[in-house]
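Trainee: My questions all concern the structure below.
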Amino acid sequence: MPDSDRPLPHVPESRMLSKRRTRLSVVWIVPIVAAIIGVWVAVTRILGEGPQVKIVFASADGLEAGKTKIQCNGVEVGTITTVRLSDDHKKVLTTAQMAPKTESFLLDDTRFWVVRPRISGANVSGLGTLISGAYVAMDIGQSHQAKRDFVALDTPPVVTGDVPGRFFTLKTPDLGSLDTGTPIFYRRLQVGQVASYVLDKSGLSLDVKVFVTAPYHQYVTPNTRFWNASGIDVSLTANGLSVQTQSVLSVLIGGIAFETATSDPLLPAADENTVFTLFDNRAEAFKQPARNPQTYQVVFKQSVRGLAVGAPVEFRGISLGEVAEVNAQIDAQTFEFSAPVIINLDAQRLGVQVRGLAPGTDFNTIRKQLVDALIAHGVRAQLRTGSLLTGALYVAFDFFPDAPPTTVDWSQTPPQLPAVPGQLEAVEASAVGIIKKLNEVPYKQIGDDLRNAIVELDRTLVSARGTLDSGRGTLDNANKLIEPNSVLGAELGNTLQEVSQAARSVRVLADYLERHPEALIRGKTGEAR
Amino acid sequence: MSTALTAMQHGLQNCEACGLLSRPAPGEVEGHCPRCNEELTFRKHSSLQRTWAFLIGAAICYVPANLLPVLTTTTAAGPESDTILQGVVLLWSPTGWPLSLIVLFASIMIPSAKILALAYLLVSAQRGSVNNNDQRVRLYRVVEIIGRWSMVDVFVDAFTAALVQLQPLMSVAPAPGLFFFAAVVVLTMLAVESFDPRLIWDSASSREVEHA
């Protein structure tokens, strides 16, 4: 260490420059600026914060505090800041920090729900959330009353915001393939969706709430029929194959269609929440209501395979009604098995006009007479094949003049109408008869006899040849006799000449006698020659 | 600590650039190095004041640097802003924990430690403390060496923002927190620069001189 007393070597003196010293360093600007910026950032942050809302969710699945966004039509309007369980552990309480100036969105009927990937047939939604995670969607209400505490919906609403249209309720015993979002079709045009469904209190039917968007809701009138147009409605009936679909979409995911029958009177549009019945298919929906149904039974003693409930009943090709039941019964005495078929006839519903009815009389009064008269004229029920493809049967009434006379058994309930065997059955019966007769033919005996006969014939033929040979000899002899130069021939010629001369003499005699008949008595007188 | 004479006690000035020892002109306390023309002072100009100013500025910036997001990542899922601490949490995984620790050290602990260390050095120098001179000098060196490394975080973010620009899929953009963070690093470095370590033992020497 150098001693302070030691003399120092030559040390040059520093040069002098103008001095400038400030009491307060300029550097203090740095923290001041930093503080100003910091305060400014803080102030803008605090001022920029929107309102806080509380949202209650059933489940926090996918919700993350500080991450999960609240979106309205895809625009971020807030963030979930805290997620915690409610005190009873049944719900999830969240608080959300909304973006600035969102106060006007937070209304009494504003709805929140969690958007997760949903594949519900009709629509695939929220696919983006597969990557981004769930987010909370917001649908701004219409109310004027502000609100800060919300309860989120469990399922996304089908109809958001102020989409114009109308809700209707459909009653159905069976949901089928319907789901929220199932499309509604009007003349194959998609006009709405199933909004929700709920089992009614009795538990026997479902109330399906559907939303029909404007302007199509005006086509829903109180007499509009709704039917389930789910998938492909293929029916193989006695009337043939019928395929009913609405659209490819409905084939895949089902749907509901509605239409108003053109025959129905034009009515004003139905009110909101009008209740309709959801029919199973279009045919059912447009089936005329029963007007004057009459139940009869027809007992068939043949197979009723192919006869389905609902099969048509026709009279000479005119539809009269349909089969209501196909039963079976056994006669305890004869052990005969038969199938009583209950049929519902409602000719008037199917458009059969009654003409010439005396005014004031009811058709029902003459019904019995009519039926009796028809049966007396030979009208009988018969099972016929409606479709060769499917083998479906239908009940046909037709005239069978050859049928044994019978009468309607009015004592039974329902009255029994007489039947005749079906066409196929009749053909079958006669065919069986033919086959039976063919079976009775003694083929073996015939064969044996035939063989004997052939042997016999052989023998006969051999002797016949002998006969023929002798015959030929005879003919040869005969030939010889009649040959031109034969003796017989010459003699024959002479003889014939003699005969000819004799004949001439006879003729001369005859002539003479004609001229002189007295010559027979007087003899030939000498003529004056 | 062994006491020693300081150049100032002998009225000498040491050039910080070329190391030449010189005496200021008579009646003057400041001058310029006769060899390299560097400004000569016995001690850095208002070192404590400047250091305090930078340090306070850094401390102020440190708050938004940690509260505001430093990086905005835009993916198909939407924009996502993360603060430094969120980044640490995000990186924390069975395999990524070393990286997470590095970020935690470099971006949160080192800046705060620097600010605290400088504050301690300033306070002790101002109060003329004579204790732990050795350790305080060591602390100063550590702060000086380590300080620049905090800038790594800023560089990493800047590189990421420049490189990850896969527009439709993913893009990264710096968020306001990053500027504050950079300000913290720069200001602490300036604070370290403006602090004159000789102040640490000035008081000790002066006390010793008084003693003698």
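Trainee: Give the number of residues within segment A:163-220 that are touching a His at 6+ places or on another chain (Cβ under 8 Å) and of a type in the set (Lys, Arg).
Mentor: 1
Trainee: Among the listed residues A:Val136, A:Val115, identify the single one that is modelled with pLDDT under 85 and out of contact with any Leu (no Cβ under 6 Å at 6 or more places or on another chain).
Mentor: Unique residue meeting the criteria: A:Val115.
Trainee: Among the numbered conditions (1) among the basic types (Lys, Arg); (2) closer than 29 Å to A:Gly38 by Cβ; (3) more than 8 Å from every other protein chain (Cβ to nearest Cβ); (4) in contact with a helix residue (DSSP H, G or I) (Cβ under 7 Å, 6 or more places away or on another chain), tell me where B:Arg127 comes up short.
Mentor: Of everything listed in (1) among the basic types (Lys, Arg); (2) closer than 29 Å to A:Gly38 by Cβ; (3) more than 8 Å from every other protein chain (Cβ to nearest Cβ); (4) in contact with a helix residue (DSSP H, G or I) (Cβ under 7 Å, 6 or more places away or on another chain), B:Arg127 misses just condition (4).
One line per residue, one yes/no per condition, for (1) under 50 Å from the mean Cα position of the chain (by Cα); (2) on the phi > 0 side of the Ramachandran plot:
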site	(1), (2)
A:Glu49	no, no
A:Gln52	no, no
A:Cys72	yes, no
A:Thr79	no, no
A:Val83	no, no
A:His89	no, yes
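Trainee: Now a separate question. Applying the selection to segment B:73-119, what residues are over 14 Å from the mean Cα position of the chain (by Cα), among the polar types (S, T, N, Q) and away from chain A (no Cβ under 13 Å)?
Mentor: Let us first name the residues in segment B:73-119 that are over 14 Å from the mean Cα position of the chain (by Cα), namely B:73-105.
Remaining after also requiring among the polar types (S, T, N, Q): B:73-75, B:81, B:83, B:86, B:93, B:95, B:100.
Correct list: B:Ser93, B:Thr95, B:Ser100.
Trainee: Step by step: first the residues of segment B:167-177, then only those that are within 13 Å of chain A (Cβ to nearest Cβ) and surrounded by 19 or more Cβ atoms within 10 Å (Cβ to Cβ), then the one that is farthest from B:Ile110 (Cα to Cα). Which residue is that?
Mentor: The qualifying residue farthest from B:Ile110 (Cα to Cα) is B:Ala175.
Trainee: For segment A:380-416, which residues satisfy the criterion of being of a type in the set (A, V, I, L, M) and free of Cβ contacts under 8 Å to residues at least 60 places away in the same chain? So that I can check it myself, show each step before the final result.
Mentor: The first filter runs over segment A:380-416 and keeps only residues of a type in the set (A, V, I, L, M), leaving A:381, A:383, A:388-389, A:392-393, A:395-396, A:403, A:408.
Hits for segment A:380-416 are A:Leu388, A:Ala403, A:Val408.
Trainee: Just to be sure I understand, how many residues within segment A:199-221 are among the aliphatic types (A, V, I, L, M), part of a loop (DSSP other than H, G, I, E, B) and over 16 Å from A:Gly165 (Cα atoms)? Break it down stepwise before answering.
Mentor: Of segment A:199-221, the ones among the aliphatic types (A, V, I, L, M) are A:199, A:204, A:206, A:208, A:210, A:212, A:214, A:220.
Of the ones still in play, those that are also part of a loop (DSSP other than H, G, I, E, B) are A:204, A:214, A:220.
Right, trim to over 16 Å from A:Gly165 (Cα atoms) and you get A:204.
Result for segment A:199-221: 1.
Trainee: Might you let me know whether segment A:279-293 holds any residue that is within 22 Å of A:Gln193 (Cα to Cα), part of a loop (DSSP other than H, G, I, E, B) and not aromatic (Phe, Trp, Tyr)?
Mentor: Yes, segment A:279-293 has at least one match.
Trainee: A:Val33: under 30 Å from B:Lys44 (Cβ atoms), at pLDDT 85 or above and surrounded by fewer than 19 Cβ atoms within 10 Å (Cβ to Cβ), yes or no?
Mentor: For A:Val33, the condition - under 30 Å from B:Lys44 (Cβ atoms), at pLDDT 85 or above and surrounded by fewer than 19 Cβ atoms within 10 Å (Cβ to Cβ) - is met.
Trainee: State which residue is farthest from B:Ile102 (Cα to Cα) when the search covers only segment B:126-160 and only residues that are of a type outside the set (Val, Ile, Thr), in contact with a Pro (Cβ under 9 Å, 6 or more places away or on another chain) and at pLDDT 80 or above.
Mentor: B:Arg136
Trainee: Next up: Going by what's in this entry, would B:Leu48 be described as touching a residue at least 24 places away in the same chain (Cβ under 8 Å), surrounded by 16 or more Cβ atoms within 10 Å (Cβ to Cβ) and of a type outside the set (Ser, Thr, Tyr)?
Mentor: On the way: touching a residue at least 24 places away in the same chain (Cβ under 8 Å): yes; surrounded by 16 or more Cβ atoms within 10 Å (Cβ to Cβ): yes; of a type outside the set (Ser, Thr, Tyr): yes.
When the stated conditions are applied, B:Leu48 passes them.
Trainee: Please specify each residue of segment A:398-438 satisfying the condition of being among the polar types (S, T, N, Q) and touching a helix residue (DSSP H, G or I) at 6+ places or on another chain (Cβ under 9 Å). Please lay out each step first, then the result.
Mentor: Here is the first cut: in segment A:398-438, the residues among the polar types (S, T, N, Q) are A:406-407, A:411-413, A:416, A:423, A:430.
Selection gives A:Thr406, A:Thr407.
The values are calculated or read from the model by the stated rules, or taken from the named source; none is laboratory data. Being a predicted model, the structure only gives us computed values, none of them experimental. A quick note on method: Cβ atoms are made from the backbone with ideal geometry, for glycine too, and the neighbour counts reach across all protein chains shown.
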